[in-house]
Number of protein chains: 4
Amino acid sequence: MPTDDADDAGDSSAAPTDAQQACFEAGIKFGSLYHQFAGTPISLESADSLARAMEEAIENQPHCTDVTVNVRTDVLEAALEGGAAEYTELTGRFLEVEIDVAYEGVEVVTRMAMEDGYPLMRLESVRR
Amino acid sequence: MPTDDADDAGDSSAAPTDAQQACFEAGIKFGSLYHQFAGTPISLESADSLARAMEEAIENQPHCTDVTVNVRTDVLEAALEGGAAEYTELTGRFLEVEIDVAYEGVEVVTRMAMEDGYPLMRLESVRR
Amino acid sequence: MPTDDADDAGDSSAAPTDAQQACFEAGIKFGSLYHQFAGTPISLESADSLARAMEEAIENQPHCTDVTVNVRTDVLEAALEGGAAEYTELTGRFLEVEIDVAYEGVEVVTRMAMEDGYPLMRLESVRR
Amino acid sequence: MPTDDADDAGDSSAAPTDAQQACFEAGIKFGSLYHQFAGTPISLESADSLARAMEEAIENQPHCTDVTVNVRTDVLEAALEGGAAEYTELTGRFLEVEIDVAYEGVEVVTRMAMEDGYPLMRLESVRR
């Protein structure tokens with residue numbers, strides 16, 4: 001039986017610990033947020049309402065304590081300058097996201113930001 | 001060559017008229033709105049921000065003059081009462097939507113509402 | 001009352017004709033296809049199964065007689081060459097799509113292809 | 001510095017271990033799969049192609065070794081019997097999903113199945 005004091009590395013027991021569950025939950029939120037909203041038409045004018053809706057929608061999910069979505073307005077503006085349209089589709093390069101999860105006393109902080117041209121979702125910290 | 005005065009019923013010419021183009025554009029907006037946002041986690045608290053984001057996102061699309069999204073709070077409340085969670089997934093039965101399109105002088109009004117248990121998207125009027 | 005012989009241009013009557021309804025239906029299918037699947041992880045290996053699923057999913061919708069989705073493999077290959085990952089997200093520039101709709105004897109052919117860097121959805125023909 | 005031997009429960013160090021990272025990655029895949037495809041039109045005829053596309057799409061994602069999607073045909077059939085249409089929208093009650101992830105020697109098995117009327121995503125095992 002896993003306990004909070006048990007080795008959580010996965011070598012001695014297959015049953016997940018609370019910290020691992022918390023990380024799994026955090027991952028679910030990130031995948032949900034990204035794939036629910038990727039492709040949404042976005043402009044400088046509509047960026048704010050979309051960011052708020054993304055935050056509040058994902059905060060509904062279990063164990064999710066806080067979601068912060070910032071639209072990188074400079075990147076969005078640059079993307080729109082070259083084009084014929086006044087909007088584009090939401091994709092990871094326009095976003096900075098933090099998602100916090102709490103599960104059975106374990107607090108997990110996760111972030112998405114661009115790295116080498118890819119939106120990278122990272123597990124920042126896992127604390128009890 | 002199609003003109004605004006031509007018979008638009010499709011029997012004499014295959015080339016679409018402005019009114020038909022306007023109706024096609026209105027359909028695109030409806031399909032976009034529905035399939036972009038269906039499945040989004042929604043609660044009584046987050047319903048407003050989602051409705052605003054849906055409106056502003058789709059209003060970005062070409063020829064779209066107005067989008068109004070009302071969440072049917074009573075239906076949402078009823079759906080949440082029976083369940084174990086405080087949120088559910090967005091689907092058509094929680095929504096009333098009006099989308100207006102203007103294309104080359106033709107104004108199209110479209111609506112989605114429940115009919116026989118299905119969310120029906122309807123072309124309400126096509127006016128010049 | 002609109003009839004098939006009536007002027008369909010929208011100036012004499014607000015009630016939509018069958019041809020206009022058919023165009024509205026065709027638009028719904030296009031918006032649905034695009035916004036349901038935009039953002040899906042796609043690679044050269046998975047392109048075929050995604051294209052088939054898109055076709056069969058949208059063919060379920062009312063009045064939809066045929067959907068053909070071609071993945072532009074050369075464009076996808078070029079997009080993957082520069083990057084660090086072996087997959088990317090589905091977006092319009094990787095697609096050529098034809099959607100056919102039949103409504104009350106009116107046949108509508110619609111296509112999506114790139115134009116000036118944007119995926120343009122076009123009403124090709126409306127025939128009785 | 002976290003090592004594979006370190007206590008992974010999150011109390012002594014905030015830096016995530018490999019097992020926690022593996023669980024985070026598994027969660028991302030599950031959230032992605034669900035929110036990318038929820039809402040897709042599905043019938044008994046199109047269920048197979050959708051299931052295959054879901055598997056292959058998510059298998060593209062980093063560290064994902066296997067995805068198995070089974071459509072619960074009996075539940076889908078029952079849902080379609082009562083209705084006027086021959087298709088419905090994909091939601092969790094029609095699905096059984098297993099997603100396997102391998103990250104730095106840690107293997108994670110996750111499953112989604114219905115529990116009390118909700119599609120529950122579960123971390124099944126975490127092994128080194």
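Cα axis of helix A:47-59 to longest principal axis of chain A: angle in degrees, 0 to 90, nearest 10?
The helix A:47-59 is inclined about 20 degrees to chain A.
Taking Cα pairs under 8 Å and at least six residues apart, what relative contact order does the range C:18-127 come out at, in percent?
30
Run the simple label-point estimate for A:Arg122 and D:Asn70 please: 7 Å along Cα→C-beta, distance reported in nm.
Placing both labels 7 Å beyond Cα along the Cβ direction yields 4.0 nm.
Which of C:Leu95, C:Leu80, C:Leu50 ends up with the largest GNM mean-square fluctuation for chain C, with Cα atoms connected below 10 Å?
Among C:Leu95, C:Leu80, C:Leu50, the largest GNM mean-square fluctuation belongs to C:Leu80.
In the calculated pair distance distribution of the range B:81-127, what percentage of Cα-Cα distances lie above 15 Å?
57
List, shortest first and in nm to one decimal, how far the label point of B:Ser125 (7 Å from Cα along Cα→Cβ) is from its counterparts in the other copies.
3.4, 5.9, 6.5
Amide H to amide H under 5 Å from C:Thr65: which residues, 5+ apart in sequence or cross-chain, H placed 1.01 Å off N in plane?
For C:Thr65, the qualifying residues are C:Asp100, C:Val101, C:Ala102.
Students often forget the sequence filter, so: which lysines lie under 25 Å Cα-Cα from C:Lys29 once same-chain residues fewer than 8 apart are removed?
Of all the lysines, those that pass the test against C:Lys29 - Cα under 25 Å, at least 8 places apart if same chain - are B:Lys29.
Go from 0 up to the bin containing the longest alpha carbon distance in the range D:18-127, width 10 Å each, and give me the % of pairs per bin.
Once binned at 10 Å, the Cα pair distances of the range D:18-127 give 15, 45, 28, 10, 2, 0.
Taking the Cβ of A:Gly92 as the centre, find all other residues whose Cβ is under 13 Å away and add up their charges (Lys, Arg: +1; Asp, Glu: -1).
Surrounding charge for A:Gly92 is -1.
If you put a point 7 Å past Cα along the Cβ direction, how far is that point for C:Ala84 from the same point in each other copy, in nm, smallest first?
3.4, 4.0, 5.2
When the accessible area of the protein assembly as shown is split by element with a 1.4 Å probe, what percent falls to carbon and sulfur?
42
Within the protein assembly as shown, which cysteines find no other Cys whose Cβ is under 4.7 angstrom from their own?
A:Cys64, B:Cys64, C:Cys64, D:Cys64, each lacking another Cys Cβ under 4.7 Å.
Which one of A:Leu50, A:Gln21, A:Ala113 is farthest out on the positive end of the charge dipole of chain A, using unit charges on Cβ (Lys, Arg +1; Asp, Glu -1) and the Cα centre as origin?
After comparing all options, I get A:Leu50.
Note the angle between two axes, namely the Cα long axis of helix C:18-37 and the longest principal axis of the Cα atoms of chain C, as a number of degrees from 0 to 90, rounded to the nearest 10.
20
Using only C-alpha positions, report the orientation-averaged shadow area of the convex hull of the protein assembly as shown, nm², one decimal.
Average projection, Cα convex hull of the protein assembly as shown: 23.4 nm².
Does any residue of the range D:54-81 lose at least 40 Å² of accessible area with all protein chains in place compared with its chain alone, and if so which ones (probe 1.4 Å)?
So the qualifying set is D:Glu56, D:Asn60.
The values are calculated or read from the model by the stated rules, or taken from the named source; none is laboratory data. Quantities reported herein were computed from a predicted structural model and do not represent experimental measurements. Counting neighbours? That spans all protein chains shown, and the Cβs are built from the backbone with ideal geometry, glycine included. For accessibility, only protein heavy atoms count, side chains too; no ligands or nucleic acids. Shrake-Rupley method; radii C 1.70, N 1.55, O 1.52, S 1.80 Å.
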